[in-house]
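Peer 1: Below is a structure I'd like to ask you about.
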Amino acid sequence: MKRQMLKLGEIELELHESGAGAPLLFLHSGSGFVADHAFVALLAERHRVVAPAHPGFGYSTLPDWLDSIDDIAHVYLELLDRLDLQRVTLVGASIGGWIAAEMATKSPERFDKLALIGPVGVKTGGAKQLDIPDIFAHPVEALDRMRFHDPAKAKIDLTKLSEEEMRIIARNNETLALLVWEPYMHNPKLKHRLHRLTMPVLFMRGASDGLVSAEYLERYAKLVPGARIATIAEAGHLPHIEQPKAFAAAMAAFLGPIPGQGA
Amino acid sequence: MRAWHFSENAYPFLPPQDQFESIRVTLPNRVYDPKKGAELYDRFLREWQIAEEEGVNIMLNEHHQTATCVDPAAPLVLAALARLTHKARLLILGNPIANRRQPVRVAEEMALIDVLSKGRLEAGFVRGVPTEILPANSNPVRMNERHWEALDLIVQAWTSNDGPTSFEGRFFHHRNINIWPRPYQSPHPPIWVSTTSAGGASQVGAHGYIQATFLTGFKGTPAIYDSYRKGWRDAGKGKDVPVDRLAYAAMVYVGDSDAKARAGAEKLLWYITANKVSPWFRNPAGYSPVAANVKMMLGDAAGGGFGNFGGNMTVDSAVANGTMFYGTPDKVFEQIKTFYHHVGGFGNLLLMGQAGHLDHEDTVHGIRMFAREVYPRLQQEFPDSAISGRDVAAAE
């Protein structure tokens, strides 16, 4: 795994790369990118995986003007230009899925396939109920149960963290609040643009996801022509982290044979 | 020294604490009986009038979706007070402008009250406590930046008197600013800002606004005042910081006997003990700086945990740490004097003089005992012309 800082406009972006082959841009969820997670190596068996830490997450800087998911979509379109990636596979989890959906509506021609894992970003239900439970109004224990099939896996042992790791957690949380606060977890415009997605699109969800419900995902997927839905058993909001093998198998089934290697 | 009677207009008729999760944000308003609430407003307004009759000034504040302070639109109550009173200064501390979408509207409300009261308004501005975030639906990140930009815009609205001006800032945009009425006081009402952090105080000092700090005690207050004085001097406002630029809010109860004072003080402690709030509302993501959150995590890792805000506080510990002054007049005078010298001097004492189940009669007793037996001595001992920080400098 290669890690570098890349300057994009005013932003210093933390960028991870591993593997070889057709490029795949992976966009992390609100808890940040951890290169050691098993799913990264599994994706890298078939792809050149490019994974930035979003502005304000990890070591990536956050400029004063940046305050929305849409802003990050623009930053990453610039990233693709900089890396000279004309056509990539795009994969995003949770808010990373939201960023991916925004990018794909702006430049659909740049993405051969799009996979959205427990994505947020659209409002599909009625005005009097939140589509996504309010992550800022629940105790940690309840959030852990929403995020993981096995909440024990969510537990962070603070005594094993360095101050630097604590700083990153606190900063990730801060940036997450900045980005998703209002409108909560969605861009009202996005659903009116999703018909532009002409590439194959997979919506994926952990069967025990307490944040992105099955109904929400179905309504989201219906906005995208021809989208498919896959469900990962015994996984919560982050199936790529909780069930990396099942996640990788579902991705392989969606992405098909490795380009250039035949069937 | 100027004194201000402050009441949060709490609604104390609540179920036992173990029957609800949080007194703020989530406690259903079914618990609130509007008929009892109406009687409470009658009473609290009357207590402010009595404070005025006794020569004490008036202070009120604003919170939302909480039983601890049923004053979610403080300018409305202030407008009523502008007509019910005639001489007291009227301090709102304050307008939560990082949570208000239209600073120009706030400028209009304040100007209107200043005119209604014939120039008695003292306009305070606060960032707002963490539990205000969800009720206001306000983004907890960059609040400080929003607060200061909003305040700049408000001052512009007050002081631009020659036709429309415009404002295109980072957070607020307004193409036509030309408020009617303009403030009664010229160029505008005195501005107060509350903060409990040293960093914030230096910014308030640089502007020369009046700095108020709440319940920061012997331990926290000196650094805040030092920082204010440094901010003031660094901004070129002169070497001497007048004491009237600084304010301190404490729970205060004066009784005509030790027993009476103690009983009142115990009831005042409701401020602290009733404040049962869920941890995830006390520290919403992004509200506190990253460094402060790291400190909390280090505390948690060491087995500290958040604890309940002041949950273990007693009257005795509150007096010992400088968050409460209570007793017979002599004792209260001595307590305030000790505190005054410890922090280097301040010119405004904000008296948290009513809380929870402290009833009308006892509240009025406390106001009158303070006003008649303590306040004149404070005014004599600590003139408004004094310079803050002299004691500290002399001790160094």
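Peer 1: Please find, within the range B:1-48, the residue that is nearest to the chain's Cα centre (by Cα) out of those that are closer than 30 Å to residue B:345 by Cβ and in a strand (DSSP E or B). Spell out how you get there, then give the answer.
Peer 2: The initial filter retains those residues of the range B:1-48 that are closer than 30 Å to residue B:345 by Cβ, namely B:1-8, B:47-48.
Then keep just the ones that are in a strand (DSSP E or B); that gives B:2-7.
On the way: B:2: 15, B:3: 13, B:4: 10, B:5: 11, B:6: 8, B:7: 10 Å.
Here the answer is B:6.
Peer 1: I need the full set of residues from the range B:353-382 which are under 16 Å from residue B:248 (Cα atoms) and surrounded by fewer than 22 Cβ atoms within 10 Å (Cβ to Cβ), in order please.
Peer 2: Answer for the range B:353-382, where residues must be under 16 Å from residue B:248 (Cα atoms) and surrounded by fewer than 22 Cβ atoms within 10 Å (Cβ to Cβ): B:378, B:379, B:382.
Peer 1: Same structure, new question: Given the criteria surrounded by 23 or more Cβ atoms within 10 Å (Cβ to Cβ), in contact with a Gly (Cβ under 8 Å, 6 or more places away or on another chain) and closer than 28 Å to residue B:31 by Cα, does residue B:62 qualify?
Peer 2: Working: surrounded by 23 or more Cβ atoms within 10 Å (Cβ to Cβ): yes; in contact with a Gly (Cβ under 8 Å, 6 or more places away or on another chain): yes; closer than 28 Å to residue B:31 by Cα: yes.
Yes.
Peer 1: Residue B:55: within 30 Å of residue B:178 (Cβ to Cβ), in a loop (DSSP other than H, G, I, E, B) and small (Gly, Ala, Ser), yes or no?
Peer 2: Details: within 30 Å of residue B:178 (Cβ to Cβ): no; in a loop (DSSP other than H, G, I, E, B): yes; small (Gly, Ala, Ser): yes.
When the stated conditions are applied, residue B:55 does not pass them.
Peer 1: While we're looking at this one, here's another question. May I ask you to verify whether residue A:100 is surrounded by 14 or more Cβ atoms within 10 Å (Cβ to Cβ) and more than 11 Å from the chain's Cα centre (by Cα)? If you could, list the steps in order and put the result at the bottom.
Peer 2: Numbers: surrounded by 14 or more Cβ atoms within 10 Å (Cβ to Cβ): yes; more than 11 Å from the chain's Cα centre (by Cα): no.
For residue A:100, the condition - surrounded by 14 or more Cβ atoms within 10 Å (Cβ to Cβ) and more than 11 Å from the chain's Cα centre (by Cα) - is not met.
Peer 1: Give just the number: which of (1) closer than 24 Å to residue B:277 by Cα; (2) in a helix (DSSP H, G or I); (3) within 12 Å of another protein chain (Cβ to nearest Cβ) does residue A:146 not satisfy?
Peer 2: (3)
Peer 1: Out of all the residues in the range A:75-84, which are touching a helix residue (DSSP H, G or I) at 6+ places or on another chain (Cβ under 8 Å) and either farther than 29 Å from residue A:256 by Cα or surrounded by fewer than 23 Cβ atoms within 10 Å (Cβ to Cβ) (or both)? Walk me through how you get there before you give the answer.
Peer 2: As a first pass, look at the range A:75-84 and keep what is touching a helix residue (DSSP H, G or I) at 6+ places or on another chain (Cβ under 8 Å): A:76-77, A:80.
The answer is A:77, A:80.
Peer 1: Here's a follow-up. Have a look at A:199, A:166, A:185, A:204 and point out the one that is crowded, with 21+ Cβ neighbours inside 10 Å and more than 14 Å from chain B (Cβ to nearest Cβ).
Peer 2: Values: A:199 fails: crowded, with 21+ Cβ neighbours inside 10 Å; A:166 fails: more than 14 Å from chain B (Cβ to nearest Cβ); A:185 fails: more than 14 Å from chain B (Cβ to nearest Cβ).
After ruling out the rest, the residue left standing is A:204.
Peer 1: Now for a separate question. Give the residue, chosen from A:178, A:161, A:194, that is over 20 Å from residue A:231 (Cα atoms) and either charged (D, E, K, R) or more than 9 Å from chain B (Cβ to nearest Cβ) (or both).
Peer 2: Values: A:178 fails: either charged (D, E, K, R) or more than 9 Å from chain B (Cβ to nearest Cβ) (or both); A:161 fails: either charged (D, E, K, R) or more than 9 Å from chain B (Cβ to nearest Cβ) (or both).
Selected residue: A:194, the only one of A:178, A:161, A:194 that is over 20 Å from residue A:231 (Cα atoms) and either charged (D, E, K, R) or more than 9 Å from chain B (Cβ to nearest Cβ) (or both).
Peer 1: Checking the conditions here, which among A:123, A:128, A:155 is loosely packed, with under 14 Cβ neighbours inside 10 Å and more than 14 Å from chain B (Cβ to nearest Cβ)? Break it down into steps so the answer makes sense when it comes.
Peer 2: Details: A:123 fails: loosely packed, with under 14 Cβ neighbours inside 10 Å; A:155 fails: more than 14 Å from chain B (Cβ to nearest Cβ).
Just one listed residue meets the conditions, A:128.
Quick note: the coordinates plus some simple rules give every number you see, no bench work behind them. Computed from a predicted structure; not experimentally measured. For neighbour counting, all protein chains shown are included, and Cβ atoms are generated from backbone atoms with ideal geometry for every residue, glycine included.
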